[in-house]
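Notes for the one structure printed next.
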Amino acid sequence: MTEFLDQQLAASQALGIVLGLERMLAVLAALGHPQQQVPIVHVAGTNGKGSVCAYLSSILTAAGYRTGRYTSPHLVDWSERITINDRPIAPVVLSDLLTAVVAASAQSHQTLTQFEQVTAAAWLYFAQERVDLAVMEVGLGGRLDATNVVEHPIACAITSIGRDHWQVLGDTIGQIATEKAGILKPGRPVAIAPLPTEAASVLRDRVAALGCPVQWVEPAEPVEPPAGAIGPHARSGEVLYPLPLAGTVQLTNSAVAIALVQQLRAAGWVISEQAIQTGMAATRWPGRLQWTSWQGRSLLVDGAHNADSAQVLRNYVASQTPGPIAWVIGMLSTKDAATVLQTLLRPGDRLLTVPVPDPQSIKPAALAELGAQITPLDQVAAVATLDEALDRALAGDRPVVLCGSLYLLGQFFQEQRAQATDQPAETVV
C-alpha cells in the first residue's frame with residue numbers, strides 16, 4: 001500500500017515547493033471547507049516543532065480528547081503524517097482521501113503540490129472523523145504554508161528560528177522569523193521559545209501588532225524523579241513531568257508544550273495533571289536522538305539536517321562519550337552541509353558518507369571531500385550503500401552515529417524493518 005500511495009503522489013512531486021494559499025483555499029472550498037470544522041493548535045519553527053506536536057497530542061489524548069496530529073516528513077510510511085490519538089491513518093483511507101483531493105483540485109482548476117495534497121487530505125480526514133482538536137505542524141515557513149488556512153487557531157507556538165530553507169524563506173534570521181510569524185492571528189495566544197535577538201524582535205513587533213496574548217517560554221529545569229518514578233523528569237513552572245525524549249533541547253520543547261497546555265486550559269479545555277504525566281510519559285518521536293540497533297550493534301540516529309539541530313546532536317554526543325565517533329552521514333544539496341559537518345566532526349573521528357534516497361542528495365564523494373577539508377579525520381570514505389556503511393562503521397571500536405537527513409533515517413528504518421522480517425525494503429520516495 002505504501003508503494004501505491006507513492007504512485008498516487010508521484011505526479012505532484014515534480015512540482016516541488018510552491019508556497020501560497022490560493023490553491024489550497026480553492027481546493028478546500030471544493031471539499032466543503034473542512035479546515036473550518038477542526039479546532040487547531042498551530043506549531044511553527046525551524047527545529048523542535050515535531051517534538052512539541054508529539055508531546056501535546058499525547059497529553060490531549062491522555063486527557064480524553066479525540067486528537068488529530070499532522071506532521072512532516074514521514075520516516076517510513078506516508079500514514080505517519082496523519083494520526084488520531086497517536087494511531088496513523090489507514091493507508092487505504094489515505095488513498096481514498098487523496099482521490100477526493102485530486103477530484104476537488106480538478107473541479108476547482110487547481111494543481112496542488114505533493115505536500116498540499118497530503119495536507120488537504122489531513123484536513124478532510126480530521127473533519128470527517130470529528131476530532132476534538134488537531135495539532136498541526138507547519139511544513140515550511142508559516143505565512144504561506146499549506147497548513148495556514150485557519151483564521152482562529154486556539155493557540156500557536158514558535159519553537160525555534162534558525163537558518164534553514166533560506167533559499168525560500170529569506171537569507172536573514174529576521175526574514176525567516178517574519179515568515180514563521182505568519183501563523184499568528186489577531187488576539188490568539190502564542191507560546192514562543194527562546195529565539196535569537198533578531199528573531200525575537202520580529203516576533204515582539206508581530207505579537208504587539210496583532211494583540212496576541214504571549215508566553216515567552218523558558219526552558220524547563222531537570223529535576224530528580226519523584227519517589228517511585230524512573231527516568232528523567234523536568235519542571236516547567238509548577239508542572240513536574242517525565243521527559244522521555246533525549247537531549248537537553250527537550251527541556252525547551254517540553255516547556256513549549258506545557259505552555260500550550262496552559263493556554264488550552266485558559267480557553268476552557270480540561271487537562272488534568274494526571275493527563276500531563278501520562279501523556280508526557282507516553283510520548284514517542286522516532287528518529288530524533290534515538291538509540292537503536294543494526295545487526296545487533298547499538299547506534300544513535302538523528303535527523304541533524306541543519307546547523308542548529310547538528311549542534312543539539314553534537315552536544316548530546318559529547319554528553320554520552322568523550323572519545324572519537326564514527327559518523328555515517330548523508331545530506332541533501334539544499335542544506336548547509338559545510339556548517340553541519342563543521343559542527344559535528346572532531347579531529348580523529350571517522351566519516352563514512354552515503355547517498356540520501358532523494359534526487360537532491362549530495363554525492364557521497366563530494367560530502368566526504370568536504371568533511372576531509374574541515375578537520376583531520378582518522379578515516380574518510382564515500383560508500384555506495386547505507387547498509388555497507390553501517391556494517392563498516394559498526395565493525396570498529398567506537399560509537400556510531402547515523403545522521404544528516406530524515407529521508408536517510410527513513411531508509412534506515414525501512415531496511416531495519418526488512419531485516420527483521422526478511423522481506424525486501426521498499427524504496428523511500
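Of all the residues in the range 34-60, those that are surrounded by fewer than 23 Cβ atoms within 10 Å (Cβ to Cβ) and polar (S, T, N, Q) number 2.
Mind checking which pairs have a first residue in the range 212-231 that is polar (S, T, N, Q) and a second that is assigned to a strand (DSSP E or B), Cβ under 9 Å, 6 or more apart or different chains? Partner pairs satisfying both residue conditions: Gln215/Val190; Gln215/Ala191; Gln215/Ile192. Scanning the range 47-72 for residues that are in contact with a Ser or Thr (Cβ under 8 Å, 6 or more places away or on another chain), in a loop (DSSP other than H, G, I, E, B) and either over 28 Å from Glu415 (Cα atoms) or among the charged types (D, E, K, R) (or both) yields a single hit, Ala63.
On the basis of being among the small types (Gly, Ala, Ser) and free of Cβ contacts under 8 Å to residues at least 40 places away in the same chain, does Ala366 make the cut? Criteria met by Ala366. For the range 252-273, how many residues meet the condition of being without any contact (Cβ under 8 Å) to a residue 60 or more places away in the chain and among the polar types (S, T, N, Q)? Residues that pass the stated criteria total 1.
What is the residue count in the range 176-193 for residues that are surrounded by fewer than 23 Cβ atoms within 10 Å (Cβ to Cβ) and either within 18 Å of the chain's Cα centre (by Cα) or of a type in the set (Asp, Glu) (or both)? Summing the residues that are surrounded by fewer than 23 Cβ atoms within 10 Å (Cβ to Cβ) and either within 18 Å of the chain's Cα centre (by Cα) or of a type in the set (Asp, Glu) (or both) in the range 176-193 gives 0.
In the set Asp302, Asp336, Asp378, which member is buried (at least 18 other Cβ atoms within 10 Å of the Cβ), in contact (Cβ under 8 Å) with a residue 12 or more places away in the chain, of a type in the set (Asp, Glu) and out of contact with any His (no Cβ under 9 Å at 6 or more places or on another chain)? When all the criteria are applied, what remains is Asp302. All of Arg81, Arg87 fail the test of being touching a residue at least 12 places away in the same chain (Cβ under 8 Å) and among the basic types (Lys, Arg), apart from Arg81. The number of residues in the range 213-231 that are surrounded by fewer than 20 Cβ atoms within 10 Å (Cβ to Cβ), at pLDDT 95 or above and assigned to a loop (DSSP other than H, G, I, E, B) comes to 3.
Here is a check on your reading of the model: is Asp391 touching an Asp or Glu at 6+ places or on another chain (Cβ under 9 Å) and of a type outside the set (A, V, I, L, M)? Judged against the criteria, Asp391 is not a match. Between Pro324, Pro347, which is at pLDDT 95 or above, crowded, with 17+ Cβ neighbours inside 10 Å and in a loop (DSSP other than H, G, I, E, B)? Exactly one of Pro324, Pro347 is at pLDDT 95 or above, crowded, with 17+ Cβ neighbours inside 10 Å and in a loop (DSSP other than H, G, I, E, B), namely Pro324. Within the range 278-293, which residues are in contact (Cβ under 8 Å) with a residue 60 or more places away in the chain and buried (at least 19 other Cβ atoms within 10 Å of the Cβ)? Scanning the range 278-293 gives Gly279, Met280, Thr283, Trp285, Gly287, Arg288. Scanning the range 108-150 for residues that are at pLDDT 95 or above and among the basic types (Lys, Arg) returns a single hit, Arg130.
The values are calculated or read from the model by the stated rules, or taken from the named source; none is laboratory data. None of the values given here were measured: they were computed from a predicted structure. Note that we place each Cβ from the backbone using ideal geometry, even for glycine, and neighbour counts take in every protein chain shown.
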